[in-house]
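Data first, discussion second: the structure below is written as C-alpha cells.
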Amino acid sequence: MLPRQRLQQRILAPTNCTRILTVSRNFSISSARASGLIRRHGALRLRTQMITNSYPASASLFSTYTPLRKQKGQGFFDENVEPLSEEETKANAENKIAEEKEVSQAKSSSSESSSGNAGQGAPEGPDSKGSAAGGASSGSGSDGSGDGGKRGRKPGDRALAKPVVPEIYPQVMAIPIAKRPLFPGFYKAITIKDPNVAAAITEMIKRGQPYVGAFLFKDENADDDVIHDANDVYDVGVFAQITSAFPMNATGGEGTSLTAILYPHRRIRLSELIPPRAADASKGTATAEPTPEPIPKPAEEASPKGDVVASFEESAVTPKPDAAQKQYEPTSFLKKYPVSLVNVENLAEEPYDPKSQVIKAVTNEIVNVFKEVASMNSLFRDQISTFSMSQSTGNVMSEPAKLADFAAAVSAGEPAELQEVLSSLNVEERMHKALLVLKKEHVNAQLQSKITKDVESKITKRQREYWLMEQMKGIRRELGIESDGKDKLVERFKEKADKLAMPEAVRKVFDDELNKLAHLEPAASEFNVTRNYLDWLTQIPWGQRSAENFGIQNAMKVLDEDHYGLKDVKDRILEFIAVGKLRGTVEGKILCFVGPPGVGKTSIGKSIARALNREYYRFSVGGLTDVAEIKGHRRTYVGALPGRVIQALKKCKTENPLILIDEIDKIGRGYQGDPSSALLELLDPEQNSSFLDHYMDVPVDLSKVLFVCTANMTDTIPRPLLDRMEVIRLSGYVSDEKMAIAERYLAPQAQDLAGLKDVDVNVTKDAIEELIKSYCRESGVRNLKKQIEKVYRKSALKIVQDLGEEALPESEALADEGKAALEESEQKKDDAEKDVAAATEATPEETTEKPRVALKVPESVHVVIDKNNLKDYVGPPVFTSDRLYDVTPAGVTMGLAWTQLGGAAMYIESILQAALTSNTRPSLEITGNLKQVMKESSQIAYSFAKSMMAKQFPDNQFFEHAKIHVHVPEGAVQKDGPSAGITMATSLLSLALDAPVGPTIAMTGELTLTGKVLRIGGLREKTVAARRAGCKMIIFPEDNMSDWLELPENIKEGIEGRPASWYSEVFELIFPGLDRQKANQCRVAKDKKSDSESKDDSE
C-alpha cells in the first residue's frame, strides 16, 4: 500500500518502469521512489495543496493503510481527479512504444515486487536511509525498478515530492514543556534527558513519523520528559514535528540525551492520557504491526473528498479482504517505551469577520508596538524581519491569528499569560491577550533602552574626552608646541629642583633617579614608581622657611586674644620668642601640654603658630598602630606613601612649621610595630636633624620644626619618649576663670552661631555662675560651651515661634539661586515617583553655593536669661550641693583626688559594725572600687592609727575589739593612688576618738607607717576642687609648698593652706581642742557575765 502524500508539483510517471516501488515498514518513501510509481498503460498524477499552517522547511511523510482510513470515513486517495495537461499527454504518447517492448519484463518485475511485499514486514531497502532533518526517508533506488525508471525519463520530467503533515493524528507521544508554551509556526529547541524518550524519538524519526504533542507544565519549576498526570500540564498544546535531532555530548556518563528541534503545526487538546505504567502493562499484549497494503485500485477508493488522486489502468496487486485486516495504530510501536501517550483532538479557530473594525484596530496596534519595540531591541528587529520574509505569512493584516501567535512567541511574558494566548480559539480574544503581553514587553524594552542610554552616555563622555586629549596631543606634537611627554616631565623636574636648596646627598640621589627616568619607557611599571618618587623629592621644601615674627608684644596680644589664663604656657612661648630674637634664629623644640580635656591644649597650638607666623599642621596619633604612618612605606609596596611628617612638610611648604601631634598618650601598638618607638627619633632634638623616612630614603632636617604634643596624662606615655619632651601642665579652670572665658569667648561665639548676632539676647552673669556651679563642674570649659550654645539655640527657637512665619517668611530667606534650586528639586520629586533612579542623584540645577540669606530679627525682640529661668533652657541642675555633708559625723573626712577631668572632693567614711565588748574580735572591711595601691594605703592608715592610739591613748582599746568598715563613695568610679593616706588615718582616728572633723577641712598626702607625710601631685587641681566644695582649709605635704606658692591668688583666695611633714602636725590641726583624758578612757563595754565573775573574785 502506498503512503498518502501531498505533492506540490505533478509527477509524470515514465512508462518504461517495470515494477512498483516497495513501501518500507516505516511508512515513508523518498521523492525518487515517488517518481517511480508507474503503470504500464497510464500515468500517475498527484496533486497537492499546501495547508495554511505549513512551513517552507522540509516535513516528514506520513503513511497509513486503507482500512484505518475507511474507519474514519475517508479513503486513502480521496482527491478529485484532475484532467491531464497537454504536456502529460504528449509524454505518455512518446513512451507508449517503449512500454510495449518491455511488457514481459514489467510483468515479471511486478510479480516479484508483489510477492516481496506480501511475504515480509516491508523493511526499508538497503538503499534507503532515514532523514533526521525532516523525518522522510531518502534513497537512490539502485534495484531494477530504479534503473528502469531512469531510462525513459527526461530531465525536465523530474519532480520532488513535498512531504506533508497528516491532518488527523489521533494519538501522539506527549512531551511536557517548561517555562513557556510553543506556538504554531515557530521553532523551539528542547533537550530530552530521559533515555527512553530519546530512544522513542529516534525510532519515530527512523519510521518517518516524527510527530509529538507538546504541552506546557503548570509548575514553572517542573523538569521531566514524561507526563505522569494529566493535571500536571495544560490541556491545550500543539501538534509538533521533530525537524531534527542531535545527540548531546556525553558528559558525566550521559550519552543518551538529545536536542530536538520542534516545529508546531496546529493546536490540539489533550483528551486522554495513557501514562507510562499503562503503556508498560499493555506491552506484553501488543500485537505485531501489520504489513502495509499495496496500492489498491482507484475505482475502489475514489472519493469526492481528499487531496491526492491516482489513476491506474490495471492493478498490480490484489488487495486483501477487509475482514482479514487487523486494527492498526500508528503509534503502537511506542508502547514498548515508558513514555506518555495521549489521545488528542484538533482545535480549530472560531470563525471571525476579517473586516471587523476591532480586529483591524488591534492588528494595527500590534504592528505599531512591534515597530516601537524593534526600534529599541535589535533581537526583536531580527525576529520581525524573519517573520515578514516568511513565505507562509503573506499579508499580516489578512492573518491576524498568525500575527497574535507571533506576538506571543517572541514576547518574554509569564507562562500563564502565554498559555492563555495559546488556549484562545477566538481570534479577537487571542489578539487582545497577545497585545497585553506585547505591551509588557514594550515597557521592559523602554526601561532597558533607558538604562543602556544612561550607561552609554557616561562611557561616551569619557571616551570623547580621551580621544579629544589624544588628538590635542597629536596636534601639538605635529606643530612642535609640545615635545614628548617623558622629555617634558624630565625638564619639569629639573626646573623644580633648581629652585630648591637640596643638600648635596639629596641632589645626587635626585640626579640618579632622574637619569633612570629618562631611560625608562613610559609603559614600564618602574616608570610610575620613579616619577612618584621624584615628585615627592621635589615637593619637600628644601631650604624654604617662613619669616618668623619675634615680637613679644605681638605674641602676647595673639595669645591673650585666643585664651584666657594659661600663664605657664604663655610664659614658655615668650621665652622661646625671646631666645630667637637674641640669637637671630631658633631651633625646633618639643613641647608637651598635659591637662584634662577641654582646657585648650589643642587650640593653644594653633595660637602659637599664629603668634610665631609659622605654618600649622595637626595630626592625631590616638589609636595609631602602624609605624608606616610615622616613617612611611617602602617604595616597593603598591600605593606606598611617605610618613605624616613628610606629608606635613609638603603641605606647609616650609621647613619650619608647627606640627601638633595630638593624643600622644593614647598611641597604640600592633603587629605592624610600635609607633611610640618610632617617635623617639622624630621627637629627639639630637636625632631629628637627619630624620630618615622609609619612602624618601634620604635624610630630612626636622630640627627647625616646632613640635607640640598634647596628652591627658603622662602615665601611659613611654618613659623614654616622655624624657625627650618638655612637659607643661595645664590644670583646670576655677570659677572665676570660667566666668571670664564664658563672657569673652564662649557667649559671643555661641550667639553668632545661633544667628542672634545683632539680636538683644542677654545671658546674665548670675545665669553663667549657675551654669558653672550646678551644671559644669569639670576642669575644662567644653561642657560649659555646649550649655551656653544650648541656651542660645533655645532662645532662637523661642524667637521664631513667638514672631511666627509672617514676620520671618520663608520666601525672603531664599536667594534667587536658592529659589531656582528649590523649584528644580520639587520638580525632581514629582519625576522621582515615576523614575526611582532619578531620585538618587542631585543635578547641578538643584544645588547652589548660597541658597539662603540671613533674616533680620526685629529690634523689638528682647530676651533675658537669668538664674530664675535658666531651667527652662538647660533643664534641672546636675549638681545640687557642694558637699555631701554639711555637718560631718565622727569617722567621715573629706579628701582631695586628681582625675583626668581635674580635681574632685572625695569623702572617706568609717563606721563601727558591732558594739565594743571584750569578746568581739577586731576586723577591717574596705569597699568603694579601690585599686591595689589605694587598698595598701588603707592598710597602712589602719596600722598607723592602731599604733598611734596605743602610744598616745593606751587605755582606749578601741582597735583591739572594733569591727570597722571603711567606704569611699561613688563606687562606680575606680580609685587609686597613695594620696589618701592621711585622710584614711584621720577617718579611723575620728571614729576611735569619737571626735568629728570640721566639714570645711580637706586634706591630701601620702602616709608612711611611721607617720611621715610624703609629696603628692596635682595640688592645683585639688585646690580648685576644694574651693568648689567650699573648703576653708587644705592640709597638704610640706614638700608641695613650692606648688602652693605658684598657685594664682584667685585660686587660693579664701582658702588657708597648711603644710605638714608628719602626721602629728595633721592631728593637731584637725583635733585642736581634744580632751585627751576623755579620749584615753576605755570604750570597751564589759558584759554581765564577766562583771559577775569579777564580783565573785573580789569577794
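Table for the structure above
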quantity	calculated
Subset of region 1017-1036 that is free of Cβ contacts under 8 Å to residues at least 60 places away in the same chain and not aromatic (Phe, Trp, Tyr) - its residue that is surrounded by the fewest Cβ atoms within 10 Å (Cβ to Cβ)	LYS1032
Residue identified as touching a Ser or Thr at 6+ places or on another chain (Cβ under 7 Å) and in a helix (DSSP H, G or I) among LEU1009, LEU988, LEU1045	LEU988
Of residues in region 967-985 being in a strand (DSSP E or B) and in contact with a helix residue (DSSP H, G or I) (Cβ under 7 Å, 6 or more places away or on another chain), the one nearest to LEU912 (Cα to Cα)	ALA980
Among the candidates ARG1020, ARG1058, residue that is out of contact with any Phe, Trp or Tyr (no Cβ under 7 Å at 6 or more places or on another chain), in a strand (DSSP E or B) and farther than 27 Å from CYS1082 by Cα	ARG1058
Residue in region 637-658 that is nearest to THR602 (Cα to Cα), counting only those that are open to solvent by less than 10 Å² (accessible area, probe 1.4 Å) and small (Gly, Ala, Ser)	ALA648
Qualifying positions in region 533-589 - touching a residue at least 12 places away in the same chain (Cβ under 8 Å) and polar (S, T, N, Q)	THR538, GLN539, GLN544, SER546, ASN549, ASN554
Tally, over region 218-253, of residues that are in a strand (DSSP E or B), at pLDDT 85 or above and farther than 15 Å from ILE201 by Cα	4
Elements of type helices (runs of 4 or more DSSP H) in region 642-753, at least 2 residues being without any contact (Cβ under 8 Å) to a residue 40 or more places away in the chain	644-652, 719-723, 747-753
So GLU329, is it open to solvent by 20 Å² or more (accessible area, probe 1.4 Å), within 20 Å of ARG269 (Cβ to Cβ) and modelled with pLDDT under 75	yes
Hits in region 561-586 - residues which are open to solvent by 70 Å² or more (accessible area, probe 1.4 Å) and under 21 Å from ASN656 (Cβ atoms)	GLU575, VAL579, LYS581, LEU582, ARG583
Tabulated pairs, region 436-461, first surrounded by 11 or more Cβ atoms within 10 Å (Cβ to Cβ), second aromatic (Phe, Trp, Tyr) and in a helix (DSSP H, G or I), C-beta under 9 angstrom, 6+ apart or interchain	LEU438/PHE370; GLU441/PHE380; ALA445/PHE380
Residue list for region 495-507, filter: assigned to a helix (DSSP H, G or I), surrounded by 13 or more Cβ atoms within 10 Å (Cβ to Cβ) and free of Cβ contacts under 8 Å to residues at least 60 places away in the same chain	LYS496, ALA497, ARG507
Count of region 336-378 residues which are in contact with a strand residue (DSSP E or B) (Cβ under 7 Å, 6 or more places away or on another chain) and aliphatic (A, V, I, L, M)	5
Enumeration of residues in region 512-559 that are at pLDDT 90 or above and part of a loop (DSSP other than H, G, I, E, B)	ILE540, PRO541, TRP542
Boolean, LEU803 is modelled with pLDDT of 65 or more, in contact with a helix residue (DSSP H, G or I) (Cβ under 6 Å, 6 or more places away or on another chain), open to solvent by less than 70 Å² (accessible area, probe 1.4 Å) and not basic (Lys, Arg)	no
Residues being over 15 Å from THR363 (Cβ atoms) and within 37 Å of the chain's Cα centre (by Cα) - total across region 410-436	9
Top-ranked residue of region 881-924 - restricted to ones that are open to solvent by 60 Å² or more (accessible area, probe 1.4 Å) and within 51 Å of the chain's Cα centre (by Cα), ranked as nearest to VAL763 (Cα to Cα)	LEU901
Candidates GLN539, GLN553, GLN544, filtered to the one that is open to solvent by 50 Å² or more (accessible area, probe 1.4 Å) and touching a Ser or Thr at 6+ places or on another chain (Cβ under 8 Å)	GLN544
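Yes or no, residue by residue, for (1) of a type in the set (D, E, K, R); (2) in a loop (DSSP other than H, G, I, E, B):
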site: GLY580; (1), (2): no, no
site: THR585; (1), (2): no, yes
site: LEU591; (1), (2): no, no
site: VAL599; (1), (2): no, yes
site: ARG614; (1), (2): yes, yes
site: GLY622; (1), (2): no, yes
site: THR625; (1), (2): no, yes
site: HIS633; (1), (2): no, yes
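The values are calculated or read from the model by the stated rules, or taken from the named source; none is laboratory data. Remember, it's a predicted structure, so these values are computed and weren't measured experimentally. Note that each Cβ is placed from the backbone with ideal geometry, even for glycine, and that neighbours are counted across all protein chains shown. The protein model used for the area step is the full one, side chains on, heavy atoms only, and it has no ligands, DNA or RNA in it. Shrake-Rupley method; radii C 1.70, N 1.55, O 1.52, S 1.80 Å.
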